[in-house]
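Engineer: One structure, as C-alpha cells, below. Some questions next.
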Amino acid sequence: MSGTNRRTITNPGFFGRAKQPTSRVKLVPAVRGEIKKKNSASESPVPAFLRQGGFTYLGVLVIVALMGFGLAAFGELYSHAAQREKERELLFIGNQFRDAIASYYNKSPGAKVYPKKLEDLLEDTRFPMPQHHLRRVYRDPMTGTPEWALVDAPGGGFMGVHSLSEETPIKSADFSAKDATLADAENYTKWMFTYSPTGLGNSIVPQPKR
C-alpha cells in the first residue's frame with residue numbers, strides 16, 4: 001500500500017462526516033395564558049374548593065340569621081295574641097263577678113248589703129233555699145290562680161274584684177260602656193269590676209287580696 005493511500009485511510013473524512021450527537025430534550029415554548037393561570041393558582045394560599053366552601057358557609061349564616069329574626073317576630077306576635085285572648089277572658093270573668101255581686105245586693109232580703117266573701121256568691125244562705133249567684137270562683141287568666149283582690153264597699157263587704165297582675169295591658173281603649181273606666185289602665189290591678197247602684201264604681205281604691 002502506497003503512502004498516498006495510507007493518508008486517505010487515516011483521514012477521518014474518508015469515512016464520511018462524523019455525526020454529531022442529537023439531544024433528546026425538546027424545548028416547547030410556554031403559552032403565556034397557561035403560565036399566568038398556573039402562577040395565580042399557585043400563589044393563592046386557599047385551595048379553590050375551600051374558597052367555594054367559605055361562600056357556602058357565609059350563605060348558611062345569612063339564612064340562619066334571617067330565620068332567627070323571623071322566629072323572633074313570630075314569637076312576639078304569638079305572645080301578643082295570647083295576651084289579648086287572656087284580656088278577653090278577664091273581661092268576661094270580671095263581668096261575671098260584677099253581675100253576681102249585683103244579684104247578691106239587689107236580692108237582699110230587707111236592707112241591701114254586699115257579700116262579705118267570694119263564697120257568699122256561690123251559696124247565699126240568707127234564704128231558706130240557698131241562692132247561687134256565681135257558678136264558681138273563676139281563675140284569673142292573667143295569674144292562673146283563683147286569687148282575686150276585693151274592692152271594699154261602703155258599709156262593709158266588697159263591691160268588686162280585680163286581678164293581682166301588675167302586667168301592663170295591651171288593650172287601652174274601645175271598652176264597652178260598663179267597662180269604660182278600664183281605659184288607659186297602667187296595669188291589670190286597675191281593671192276593677194265593681195257594682196254600685198250609687199255610681200261609686202271604680203272610684204274605690206283597690207284592696208289587697210283576701
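Engineer: Quick one: is ASP184 at pLDDT 95 or above, part of a helix (DSSP H, G or I) and under 32 Å from the mean Cα position of the chain (by Cα)?
Structural biologist: Answer is no for this residue.
Engineer: Here is a list: ALA82, ALA185, ALA180. Which entry is closer than 18 Å to THR198 by Cβ and either surrounded by fewer than 13 Cβ atoms within 10 Å (Cβ to Cβ) or out of contact with any helix residue (DSSP H, G or I) (no Cβ under 9 Å at 6 or more places or on another chain) (or both)?
Structural biologist: ALA180 is the lone residue from the list that is closer than 18 Å to THR198 by Cβ and either surrounded by fewer than 13 Cβ atoms within 10 Å (Cβ to Cβ) or out of contact with any helix residue (DSSP H, G or I) (no Cβ under 9 Å at 6 or more places or on another chain) (or both).
Engineer: Restricting to the range 162-177, name every residue that is outside any loop (DSSP other than H, G, I, E, B) and either within 18 Å of ASN106 (Cα to Cα) or among the polar types (S, T, N, Q) (or both).
Structural biologist: none
Engineer: Out of (1) touching a Gly at 6+ places or on another chain (Cβ under 8 Å); (2) part of a helix (DSSP H, G or I); (3) of a type in the set (Val, Ile, Thr), the odd one out for ILE93 is which?
Structural biologist: (1)
Engineer: On to the next question. Can you tell me which residues in the range 120-164 are of a type in the set (A, V, I, L, M), touching a residue at least 60 places away in the same chain (Cβ under 8 Å) and either closer than 19 Å to SER103 by Cβ or surrounded by fewer than 18 Cβ atoms within 10 Å (Cβ to Cβ) (or both)?
Structural biologist: LEU150, VAL161
Engineer: Further question on the same structure: Any chance you could count how many residues in the range 82-118 are without any contact (Cβ under 8 Å) to a residue 40 or more places away in the chain, among the hydrophobic types (A, V, I, L, M, F, W, C) and under 19 Å from LYS190 (Cα atoms)?
Structural biologist: Residues in the range 82-118 being without any contact (Cβ under 8 Å) to a residue 40 or more places away in the chain, among the hydrophobic types (A, V, I, L, M, F, W, C) and under 19 Å from LYS190 (Cα atoms): 1 in total.
Engineer: When you go through (1) part of a loop (DSSP other than H, G, I, E, B); (2) farther than 27 Å from HIS80 by Cβ; (3) modelled with pLDDT of 95 or more one by one for TYR138, which number turns out not to apply?
Structural biologist: (2)
The values are calculated or read from the model by the stated rules, or taken from the named source; none is laboratory data. Bear in mind the structure is a predicted one, so any value in this text is a computation, not a measurement. Note that we place each Cβ from the backbone using ideal geometry, even for glycine, and neighbour counts take in every protein chain shown.
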